[in-house]
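Working notes, beginning with the structure itself.
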Amino acid sequence: MHSQAYELGRILRFLRVSPFVAYVCISIAVIGCSSGSLSRQQIRDASAAEQSVTKPFSNSDTRIRFQFAHIRNVEYDGFALPILSPDGCSAAVQISSAADWRTLLAGVDGGVPDSGRIAIAPLCADTNAPLLPVAGNDLLIGRSCDSAGFLVESPRVDGARWIGKVSWQGGEPIWLVADQDVNAFASLGPAGEIAWCHRRRDVEKFSIQVKRGDAIQEIPPPEDGTWFTPSFSSDGKFLYALRLRDGVLAACAFPISQTISTTPIISIDLSWRADARMAYQTVIPLRTGGESSDQRLYFFHPRFSRIAIWNPLNNRVALTSPTCSAAMAISSTQIVTTSAKQLSIESAAVEGGSKDATQSTAIIESLWIPIGRGTGSMILVVQPGRGTLNIARIDLNPPEK
């Protein structure tokens, strides 16, 4: 467990970095939960577990029924959000990490985390069961998972960086990319693909490597720029990546067919005063969960300070409500959004129409962050405390009593 002085130092540093990270860290300071205990607000929230609640959907005749239930508290490093298994029954949690920004960004001057420990929290059968350990003390939790396991990264003492995959049962990582180079920001695709950023240890600019089956294709670094955080659309038709060049951050879309074009079909500028930290934070607040036919990119827009949805087919951006700092798509028409004061369900913003969501309803009137979906109509959310995460589930279609 980090000391209070160390936690306060992290909070003050992160408050100068990102709106999303800032409000998460503010919540850590304000909530002040001790390990294993619930605040009065959480107790009030947990009381909803005993009954189904129905609330109106603003500006419409629709009503939303839901049921909230607290699952468990787990220790975490005060920064990284958990990765949730597709069935919602396991959460991979960064228990401890002293990684600084140089390490998180896989820069040429990055180092090895002093204590990069990850564990897996059971969330279904026995929520009081001990955490499942993951072997390794230099691991950083990744950005992606599938039914078999989740991705991790391991900065090495010699400056290299490996990408591995850990089973949902814990144990040793299986190393997917392990060489003398720097490999970072990996993401899995819907058909088993994997994309990641790659550079030699003495080179600053990242290329993108995409492995499909046994074939690996490389997208070279952009002229006078670098790539960050590649990801796949839910329908598998696009590879997305962020391009940083001369302070300009842009989202780029590459069409996927038999091969992947080395030139993006389209791009859109997100900021003209960006750096690597901004690129990293653009994708931090997002969790998948939308329909498999969705080809759009969800991200935190640095200029508008809210979650945005970009459709490369018409090059239009739709914005969520102004206070939305994190989100998860639950269908093509609805998303779960987080603000500092509440967790809400709102209608997906109309592309080319109003820039603010017009229909929404608050589900929980305190800070909760969606991390993924379980089976059926279940979504899982976390509430950050001081060194702990409170994990809960929300059923959006509870049985009638």
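The table below gives the values:
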| item | result |
| --- | --- |
| Residue count for the stretch 296-314, restricted to those that are part of a strand (DSSP E or B) and free of Cβ contacts under 8 Å to residues at least 60 places away in the same chain | 9 |
| Qualifying residue in the stretch 113-128 (condition: more than 28 Å from ALA392 (Cα to Cα), within 22 Å of the chain's Cα centre (by Cα) and either modelled with pLDDT of 90 or more or surrounded by fewer than 20 Cβ atoms within 10 Å (Cβ to Cβ) (or both)) | no |
| Residues being modelled with pLDDT of 90 or more and surrounded by 15 or more Cβ atoms within 10 Å (Cβ to Cβ) - total across the stretch 257-280 | 10 |
| Filter result for the condition that a residue is part of a loop (DSSP other than H, G, I, E, B) and either touching a strand residue (DSSP E or B) at 6+ places or on another chain (Cβ under 8 Å) or modelled with pLDDT of 95 or more (or both), over ASP179, ASP202, ASP158 | ASP179 |
| From LYS341, LYS355, residue being modelled with pLDDT under 80, out of contact with any helix residue (DSSP H, G or I) (no Cβ under 8 Å at 6 or more places or on another chain) and among the charged types (D, E, K, R) | LYS355 |
| Any pair with Cβ under 7 angstrom, 6 or more apart, that starts in the stretch 134-159 at a residue that is free of Cβ contacts under 8 Å to residues at least 60 places away in the same chain and of a type in the set (Lys, Arg) and ends at one that is in a strand (DSSP E or B) and buried (at least 21 other Cβ atoms within 10 Å of the Cβ) | ARG156/TRP162 |
| Test: residue in the stretch 212-229 that is of a type in the set (S, T, N, Q) and within 17 Å of GLY189 (Cβ to Cβ) | yes |
| Condition check for ALA106: modelled with pLDDT of 85 or more, outside any strand (DSSP E or B) and of a type in the set (A, V, I, L, M) | yes |
| Unique residue being surrounded by 15 or more Cβ atoms within 10 Å (Cβ to Cβ), of a type in the set (A, V, I, L, M, F, W, C), modelled with pLDDT under 50 and more than 30 Å from SER154 (Cβ to Cβ) when the list is ILE43, ILE11, ILE26, ILE64 | ILE26 |
| Selected residue (criterion: nearest to ARG277 (Cα to Cα)) from residues of the stretch 219-259 that are touching a residue at least 24 places away in the same chain (Cβ under 8 Å) and of a type in the set (D, E, K, R) | ARG243 |
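The values are calculated or read from the model by the stated rules, or taken from the named source; none is laboratory data. Remember, it's a predicted structure, so these values are computed and weren't measured experimentally. Using ideal geometry, Cβ is built from the backbone for each residue, glycine included, and neighbour counts are taken over all protein chains shown.
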